[in-house]
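We did not get these values from a lab; they are worked out from the coordinates using the rules stated. The structure presented is a predicted model; accordingly, all values stated were derived computationally and were not measured. Note that we place each Cβ from the backbone using ideal geometry, even for glycine, and neighbour counts take in every protein chain shown.
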Ligand SMILES: Nc1ncnc2c1ncn2[C@@H]1O[C@H](COP(=O)(O)OP(=O)(O)O)[C@@H](O)[C@H]1O
Ligand SMILES: [Mg+2]
């Protein structure tokens, strides 16, 4: 067994068509150890979100190799990749991305049901309890505050006990105090479950909580400058 949760090598990706085509990721190589928390930083437009999507199996690179939890994602067809994502990768977005027509409980149960977990509802309720929302199970996203919605999103991401958790500016839409609560929650749950975390952030305080920071610039990993 490898001690790596994520191995990226030679990742290249261009997005868009014709004149709007952009070479977004350029020869990215990056390993993330199991249980590690990596902060992904860099200027706006440097490719952070795109790299996270590649890591999460939501975007396929033009070339290069991605191994997550020992599985080469390039070897999976679309159905297998979707199944793999559901069981192994939890994703938290800046804008929460909850299903508006589903209650908090239904949102969190969804990935468990897709993974054929027999006790999806009970587990979803326990996950919501773990993020402090045991009293909001039957609320719809529009009936919840931004911080509460992000707690639901964290519960949903962690419910299947994924090997890796990726979060794209998870506090970007929240005020400072609420954001701090989400960060505490993310790191606490990550630690409790031994998950690996890759976190995009603009917040230096948040980046410092990570074991290591990786800086992107114009689609490349910037080599750390020796102190
Ligand atoms: N679908 C797309 N088509 C064309 N260009 C894109 C697309 N998605 C992202 N880009 C470009 O790729 C670059 C990196 O985007 P992104 O990964 O969102 O950066 P970051 O998250 O670091 O701000 C940007 O210049 C952006 O305009
Ligand atoms: Mg981004």
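Report, in deg cm²/dmol and to the nearest 500, the calculated mean residue ellipticity at 222 nm for the chain, where each DSSP H run with n ≥ 4 adds -39500 (n - 2.57) and the sum is divided by the residue count. Provide the component values of the computation, followed by the final result.
Values: 7 runs with 78 residues, N = 227.
Result for the chain: -10500 deg cm²/dmol, rounded to the nearest 500.
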Here the relative contact order (percent) of the chain, from C-alpha pairs under 8 Å and at least 6 apart, is 29
Using a ≥ b ≥ c from the Cα gyration tensor of the chain (square roots of the eigenvalues), is it rounded, prolate or oblate, where a/c under 1.5 gives rounded and otherwise the larger of a/b and b/c decides, a/b for prolate? prolate
Using the per-residue mean of other Cβ atoms lying within 10 Å as a proxy for protection, in what order, highest first, do the peptides 209-218, 148-157, 74-83 fall? 148-157, 209-218, 74-83
For region 153-214, just say rounded, prolate or oblate: build the C-alpha gyration tensor, square-root its eigenvalues into a ≥ b ≥ c, call rounded for a/c under 1.5, and beyond that prolate if a/b exceeds b/c, oblate if not. oblate
Quick one: 190, 4, fewest Cβ neighbours within 10 Å first, how do they rank? 4, 190
Mind running the shape call on region 100-196? Use the C-alpha gyration tensor, a ≥ b ≥ c as the square roots of the eigenvalues: rounded below 1.5 for a/c, prolate if a/b tops b/c, oblate otherwise. oblate
Quick check: pseudo-label points 7 Å beyond the Cα along Cα→Cβ at residue 177 and residue 44, how many nm apart are they? 2.8
Length-normalised contact order of region 1-118, Cα under 8 Å, at least 6 apart, in percent, tallies to 25
Going from the fewest other Cβ atoms within 10 Å to the most, one would list 102, 55 as 102, 55
Given an 8 Å cut-off on Cα distances and at least 6 residues of separation, report the relative contact order of region 108-227 as a percent. 21
Okay, which of region 84-117 sit inside 11 Å, backbone N to the point 7 Å along the Cα-Cβ direction of residue 58? 90-98
Exposure-ranked with fewest Cβ neighbours within 10 Å first, 188, 103 stand as 188, 103
Once each part is reduced to its C-alpha centroid, what is the distance from region 96-163 to region 188-227 in angstrom? 26
